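Taking it in order: structure first as structure tokens, then the write-up.
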Amino acid sequence: MNRLLVSLLAAVDALVAAAVGVAATLAPLTVLWVFGLGGGADWASLWPTSVRLWQLGQLVPLRITLPPEYLNAVGIPADAATFWLSLAPLAFTVFTAVFAARSGARAARAGAWVVGVVTGAVVMAVIAWLLWRSSGNPVAAVYGWQALLLPTAVFAVPALAGALVGAWRNGDDGLVDAVRLRAERDPRWAGVPEAAARGIGIAVAGFVGAGALIVAVATVLRGGQVIALFEASHVDVAGGALLALAQLAYLPTLIVWGGAFVAGPGFALGTGTAVSPAGTNVGVLPGVPALGIVPETATPWMLVSVLLIVAVGFVAGAAARGRLHRACASGSTSVLSLTEISARRIGTRSRSR
């Protein structure tokens with residue numbers, strides 16, 4: 001696969017990642033506009049809102065300024081009219097990261113991972129700039145440099161990671177092959193990269209799994225509170241569906257909170273709040289149904305959940321140690337030359353094509 005084709009595919013990947021993310025926010029807002037507002041409002045106003053939600057999902061903080069008429073209607077004091085919203089719906093972040101990692105891995109298999117990663121990052125930066133320039137919003141504002149840098153980083157960093165992993169597996173006839181050959185020739189480093197990658201992978205998967213388990217258990221135990229908050233919201237069918245989709249976008253965020261909870265430090269829901277196995281202090285929470293799973297008080301049984309992370313650490317360390325031991329045992333008798341590595345990589349690329 002030539003470099004021009006790799007560049008084109010990387011550009012398409014960046015475009016699709018951004019387009020799907022914006023469409024995932026614009027589509028439900030359009031449905032609400034049709035069925036909830038009867039199509040009477042200006043549809044063009046949905047575009048800035050969709051872009052802002054996508055930017056929030058790419059870790060861009062939003063500066064919210066509530067209009068005076070809204071403050072008067074709900075009785076919010078004027079000094080609380082402006083605040084920062086930085087709690088990102090990580091479902092958008094995860095989608096962009098996974099899409100970027102697959103793009104980088106494909107570029108590595110084609111033997112042009114540097115071109116693919118750079119092209120994808122540049123195209124994402126251009127898309128982020130276009131979205132920022134076309135989404136002026138008096139209610140939700142962003143800093144220009146954050147609107148450009150953070151979405152680009154969310155795409156570029158996973159793309160680079162996927163490209164390096166792909167180049168390590170399939171070879172690149174360049175820097176990655178040189179580093180791997182040097183590591184395999186030195187018995188002190190033989191198997192260290194693979195062992196580290198395996199240990200980190202198991203640790204991350206275990207952290208996510210433990211967090212998901214805590215969220216599932218909390219949902220079962222406090223399901224009544226979640227239902228009560230749904231009923232108290234008094235939304236119609238369209239509003240309920242939109243609320244459910246918004247909470248689904250925050251499901252990965254809840255899983256990260258669950259992982260932080262079992263890890264010990266816990267998480268915070270505002271200034272002066274804390275939710276951890278050692279103690280809980282949350283005060284008054286917003287009436288979001290998903291927040292009904294947050295425990296109001298801590299119990300001694302919550303400390304037992306910390307053992308999940310201890311078990312994950314043990315399994316990750318044992319797997320990394322076993323991989324390193326096997327690599328060191330075989331590294332002294334099987335050292336490949338650079339010619340053999342190159343021939344093996346070229347053969348792998350030929351089969352993949």
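What to note about this one:
- If you go through region 125-175 and keep only what is outside any loop (DSSP other than H, G, I, E, B) and among the aromatic types (F, W, Y), you end up with W129, W132, W145, F155, W168.
- The residues of region 176-196 that are assigned to a helix (DSSP H, G or I) and of a type in the set (A, V, I, L, M), listed by number, are V176, A178, V179, L181, A183, V192, A195, A196.
- Qualifying positions in region 126-140 - open to solvent by 40 Å² or more (accessible area, probe 1.4 Å) and either touching a residue at least 12 places away in the same chain (Cβ under 8 Å) or under 30 Å from E69 (Cα atoms) (or both): W129, W132, R133, S134, G136, P138, V139
- Filter result for F99 (part of a helix (DSSP H, G or I), of a type in the set (F, W, Y) and over 30 Å from V237 (Cβ atoms)): yes
- Subset of region 219-243 that is small (G, A, S) and in contact with a Phe, Trp or Tyr (Cβ under 9 Å, 6 or more places away or on another chain) - its residue that is nearest to A320 (Cα to Cα): G240
- If you go through region 148-165 and keep only what is at pLDDT below 95 and crowded, with 23+ Cβ neighbours inside 10 Å, you end up with G162, A163.
- From the list G191, G199, the one residue that fits, being touching a Cys at 6+ places or on another chain (Cβ under 7 Å), more than 26 Å from D13 (Cα to Cα) and touching a residue at least 60 places away in the same chain (Cβ under 8 Å), is G191.
- One residue stands out in region 219-271 among those that are of a type in the set (F, W, Y) and assigned to a helix (DSSP H, G or I): the one that is farthest from L32 (Cα to Cα), namely F261.
- Lone qualifier among A156, A147, A140, A163 - being over 30 Å from W47 (Cα atoms), in contact with a helix residue (DSSP H, G or I) (Cβ under 9 Å, 6 or more places away or on another chain) and of a type outside the set (K, R): A163
- Condition met for V114 (among the hydrophobic types (A, V, I, L, M, F, W, C), modelled with pLDDT of 90 or more and under 21 Å from A167 (Cβ atoms)): yes
- Subset tally (residues that are within 26 Å of the chain's Cα centre (by Cα) and of a type in the set (S, T, N, Q)) for region 216-249: 2
- Among (1) assigned to a helix (DSSP H, G or I); (2) in contact (Cβ under 8 Å) with a residue 24 or more places away in the chain; (3) farther than 25 Å from A246 by Cα - the single one V122 does not satisfy: (2)
- Residues satisfying the stated conditions in region 258-272, i.e. out of contact with any helix residue (DSSP H, G or I) (no Cβ under 7 Å at 6 or more places or on another chain) and open to solvent by 30 Å² or more (accessible area, probe 1.4 Å): P265, A268, L269, G270, T271, G272
- Tallying residues that are over 30 Å from A212 (Cα atoms) and in contact with a Phe, Trp or Tyr (Cβ under 6 Å, 6 or more places away or on another chain) within region 64-93 yields 1.
- Residues in region 275-302 that are buried (at least 16 other Cβ atoms within 10 Å of the Cβ), touching a residue at least 40 places away in the same chain (Cβ under 8 Å) and touching a helix residue (DSSP H, G or I) at 6+ places or on another chain (Cβ under 6 Å): 4 in all.
- For region 92-105, a residue qualifies if it is touching a Leu at 6+ places or on another chain (Cβ under 7 Å) and at pLDDT below 95, and exactly one does: G104.
- Filter result (of a type in the set (G, A, S) and in contact with a strand residue (DSSP E or B) (Cβ under 9 Å, 6 or more places away or on another chain)) within region 284-312: A298
- Listed by position, the helices (runs of 4 or more DSSP H) contained in region 1-85 that have at least 1 residues being open to solvent by less than 30 Å² (accessible area, probe 1.4 Å) and at pLDDT 85 or above are 3-35, 46-57.
The values are calculated or read from the model by the stated rules, or taken from the named source; none is laboratory data. Because the structure is predicted, anything quoted here is derived from the model rather than measured. Counting neighbours? That spans all protein chains shown, and the Cβs are built from the backbone with ideal geometry, glycine included. All accessible areas refer to the heavy atoms of the entire protein, side chains included, with ligands and DNA or RNA removed. Shrake-Rupley method; radii C 1.70, N 1.55, O 1.52, S 1.80 Å.
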